Amino acid sequence: MALRQVKLPDIGEGLVEGEVVEWLVKEGDYVKMFQPIVRVLTAKATVEIPSPFEGRVLRLLAMPGDVVRVGAPIAEIEVSEMQVAAEAPGVERIKPREGAREALEVPVRAPPRVRKLARELGVDLSKVKGTGPGGVITEEDVLRYAESSKKVVEVPTKPTLTEGVVERIPLKGIRRIMASKMAEAKSRIPHAYIVEEVDVTELVKLRDTLRQDAESKGVKLTLLPFIVKAVVKALKEYPLLNASLDEEKGEIVVKKFYNIGVAVDTPQGLVVPVIKGADGKGLYQIAREISELAEKAREGRVSLEDVTGGTFSITNIGSVGTVFGMAVINYPESAIIGVHRLMEVPRYVDGELKPRKTLYLSLSFDHRFIDGAYATRFLVAVKRYLENPALLMASEEEFR
């Protein structure tokens, strides 16, 4: 028999790490080639990693919640000698271990948070015996060792006047990814913002007229598909909003395709599935895809394909009730539109005060290469399409 080391593979999209969500096998299980063995959360989606060969799982080297770098070992699998000649990507042959030699050759197995705790407590991890899967050192192992070595700092039993009850919630899963992406976006992109009020009275009438027909076809028709179509038309007029900045090459990369991300609020955090090729899709098709992708996102079933390749994003902030706010750009895109609460308000129309359906649209944009006037013209174009929904039903060329 021979041992193979399974490493976290590079699954593309520039991903450098993943968080172990769930092992689909346990130590001692026999796995077949291409059988999914672990679910890993990347910066884009939760993906299942298959076994690159057939054999018996000897050790699991990472636990749920651990963040693992691409190329780092996640499992050891025992394979037959017949498979030794057929090496597979992501697999490394390791020598069998015996007795004392094993203790010398096996590196310390501990996730980043455990290593951090050990540093804080002054614990030498090489002296700690791990009780986790495959001998992985856990936080409890470190604390137990520190206590036995009298390295635990005593906590005062009497709280000061400024202290109170607190709850510590681990930052992991989608929320950890969100924290990383939001910090990256705000630190790398100088955001600028503008807001427009849009009279969608006629659009609401059109939506209500089409709603029954849409439902007969199994489609839930909201205002969002109309907004997607309006955004795509405006992007074709103002292409810098459908671009990204290649800082290394000093180039603005203008996308000639229109993949519109639609933010979805899920119990785990914010997920942004993408409507691919939105410019070539009809109203009902866009509505159907939004519903299907939103359902997959809430159930944690989105694939990497579902959430990659976006060129511009929309977030329907108004669905949870806010009048308006400013969204964070989905890096490396150059802009994002926030759609806010639909309201009925009094407005003057042709000199008469009438009740009108309105909502605010906010635009956050990359001020490094998009100036305020250009961004404003784009948002005004979106407003024009939404206030005149007949324009959405024809090709752009007919109105130029």
- Looking at the stretch 38-49, is at least one residue touching a Pro at 6+ places or on another chain (Cβ under 7 Å) and modelled with pLDDT of 70 or more? yes
- Task: Give the stretch 351-373 a look and list any residue that's over 23 Å from Leu235 (Cβ atoms) and small (Gly, Ala, Ser), or say none.
- Result: Gly351
- Item | Scan of the stretch 177-201 for residues that are under 30 Å from Glu344 (Cα atoms), charged (D, E, K, R) and out of contact with any helix residue (DSSP H, G or I) (no Cβ under 6 Å at 6 or more places or on another chain), ordered by number | Glu197
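If we keep just the residues of the stretch 305-330 that are in a helix (DSSP H, G or I) and crowded, with 19+ Cβ neighbours inside 10 Å, which is modelled with the lowest pLDDT? Outline the logic, then answer.
We begin by selecting, within the stretch 305-330, every residue in a helix (DSSP H, G or I); these are 305-307, 317-320.
Pick out the ones that are also crowded, with 19+ Cβ neighbours inside 10 Å and you get 306-307, 317-318.
Values: Asp306: 90, Val307: 88, Ile317: 89, Gly318: 84.
Within the stretch 305-330, the match that is modelled with the lowest pLDDT is Gly318.
Anything in the stretch 132-148 that is in contact with a strand residue (DSSP E or B) (Cβ under 9 Å, 6 or more places away or on another chain) and in a loop (DSSP other than H, G, I, E, B)? List them, or say none. I'd like the intermediate steps shown before the answer.
So in the stretch 132-148, the residues in contact with a strand residue (DSSP E or B) (Cβ under 9 Å, 6 or more places away or on another chain) come out as 132-136.
Selection gives Gly132, Val136.
Quickly run through the stretch 319-342 and pick out the residues that are of a type in the set (S, T, N, Q) and in contact with a Phe, Trp or Tyr (Cβ under 7 Å, 6 or more places away or on another chain).
Here is the first cut: in the stretch 319-342, the ones of a type in the set (S, T, N, Q) are 319, 322, 330, 334.
Answer for the stretch 319-342, where residues must be of a type in the set (S, T, N, Q) and in contact with a Phe, Trp or Tyr (Cβ under 7 Å, 6 or more places away or on another chain): just Ser334.
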- Criterion violated by Gly65 - all others in (1) crowded, with 18+ Cβ neighbours inside 10 Å; (2) closer than 15 Å to Ile177 by Cβ satisfied: (1)
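Go through the residues of the stretch 352-371 one by one and say whether even a single one is of a type outside the set (Asp, Glu) and out of contact with any strand residue (DSSP E or B) (no Cβ under 8 Å at 6 or more places or on another chain).
The initial filter retains those residues of the stretch 352-371 that are of a type outside the set (Asp, Glu), namely 353-365, 367-370.
Restricting the remaining residues to those that are out of contact with any strand residue (DSSP E or B) (no Cβ under 8 Å at 6 or more places or on another chain) gives none.
Looking through the stretch 352-371, none of the residues is of a type outside the set (Asp, Glu) and out of contact with any strand residue (DSSP E or B) (no Cβ under 8 Å at 6 or more places or on another chain).
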- Note on the structure: Of the residues in the stretch 11-57 that are assigned to a loop (DSSP other than H, G, I, E, B) and among the polar types (S, T, N, Q), the one that is nearest to Gly310 (Cα to Cα) is Thr42
- Note on the structure: Val155 fails exactly one of (1) farther than 29 Å from Thr46 by Cβ; (2) modelled with pLDDT of 55 or more; (3) not assigned by TED's automatic domain parsing to the domain that holds Lys7, namely (2)
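Just the residues that are assigned to a loop (DSSP other than H, G, I, E, B) and more than 24 Å from Asp279 (Cα to Cα), please, taken from the stretch 255-269.
From the stretch 255-269, those assigned to a loop (DSSP other than H, G, I, E, B) are 255-259, 263, 267-268; that's our starting set.
Pro267, Gln268, listed by residue number.
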- Item | The one condition in (1) surrounded by fewer than 19 Cβ atoms within 10 Å (Cβ to Cβ); (2) within 28 Å of Val47 (Cβ to Cβ); (3) modelled with pLDDT of 90 or more that Gly269 fails to fulfil | (3)
- Message: Any residue at all in the stretch 187-197 that's touching a residue at least 12 places away in the same chain (Cβ under 8 Å) and either closer than 23 Å to Ser291 by Cα or of a type in the set (S, T, N, Q) (or both)?
- Response: no
- Qualifying residue in the stretch 255-269 (condition: over 24 Å from Val200 (Cβ atoms), out of contact with any helix residue (DSSP H, G or I) (no Cβ under 7 Å at 6 or more places or on another chain) and aromatic (Phe, Trp, Tyr)): yes
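Being modelled with pLDDT under 75 and either of a type in the set (Val, Ile, Thr) or in a helix (DSSP H, G or I) (or both), is that true of even one residue in the stretch 160-167? If you could, list the steps in order and put the result at the bottom.
Of all residues in the stretch 160-167, those modelled with pLDDT under 75 come to 160-163.
Filter once more, keeping what is either of a type in the set (Val, Ile, Thr) or in a helix (DSSP H, G or I) (or both): 160, 162.
Yes, the stretch 160-167 contains at least one residue that is modelled with pLDDT under 75 and either of a type in the set (Val, Ile, Thr) or in a helix (DSSP H, G or I) (or both).
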- Flag if Met63 is more than 17 Å from the chain's Cα centre (by Cα), closer than 29 Å to Lys116 by Cα and outside any strand (DSSP E or B): yes
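In this structure, does Val302 turn out to be more than 20 Å from Ile194 (Cα to Cα), in contact with a helix residue (DSSP H, G or I) (Cβ under 7 Å, 6 or more places away or on another chain) and assigned to a loop (DSSP other than H, G, I, E, B)? Spell out how you get there, then give the answer.
Working: more than 20 Å from Ile194 (Cα to Cα): yes; in contact with a helix residue (DSSP H, G or I) (Cβ under 7 Å, 6 or more places away or on another chain): yes; assigned to a loop (DSSP other than H, G, I, E, B): yes.
Yes: the conditions hold for Val302.
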- Given the residues Lys220, Lys181, Lys129, which is the only one that is outside any helix (DSSP H, G or I), of a type in the set (D, E, K, R) and modelled with pLDDT under 90? Lys129
- Query: Which of the residues belonging to the stretch 240-293 are acidic (Asp, Glu) and closer than 25 Å to Glu215 by Cβ?
  - Reply: Asp265, Glu289, Glu292
- Message: Could you check the stretch 343-388 and list, in sequence order, the residues that are touching a residue at least 12 places away in the same chain (Cβ under 8 Å), out of contact with any Phe, Trp or Tyr (no Cβ under 8 Å at 6 or more places or on another chain), of a type in the set (Ser, Thr, Tyr) and assigned to a strand (DSSP E or B)?
- Response: Thr358
- Message: Suppose we keep only residues that are part of a helix (DSSP H, G or I) and in contact with a helix residue (DSSP H, G or I) (Cβ under 9 Å, 6 or more places away or on another chain) within the stretch 234-254. Which one would you say is surrounded by the most Cβ atoms within 10 Å (Cβ to Cβ)?
- Response: Leu241
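The values are calculated or read from the model by the stated rules, or taken from the named source; none is laboratory data. These figures come from a predicted structure and were not determined experimentally. Virtual Cβ from ideal backbone geometry, glycine too; neighbours counted across all protein chains shown.
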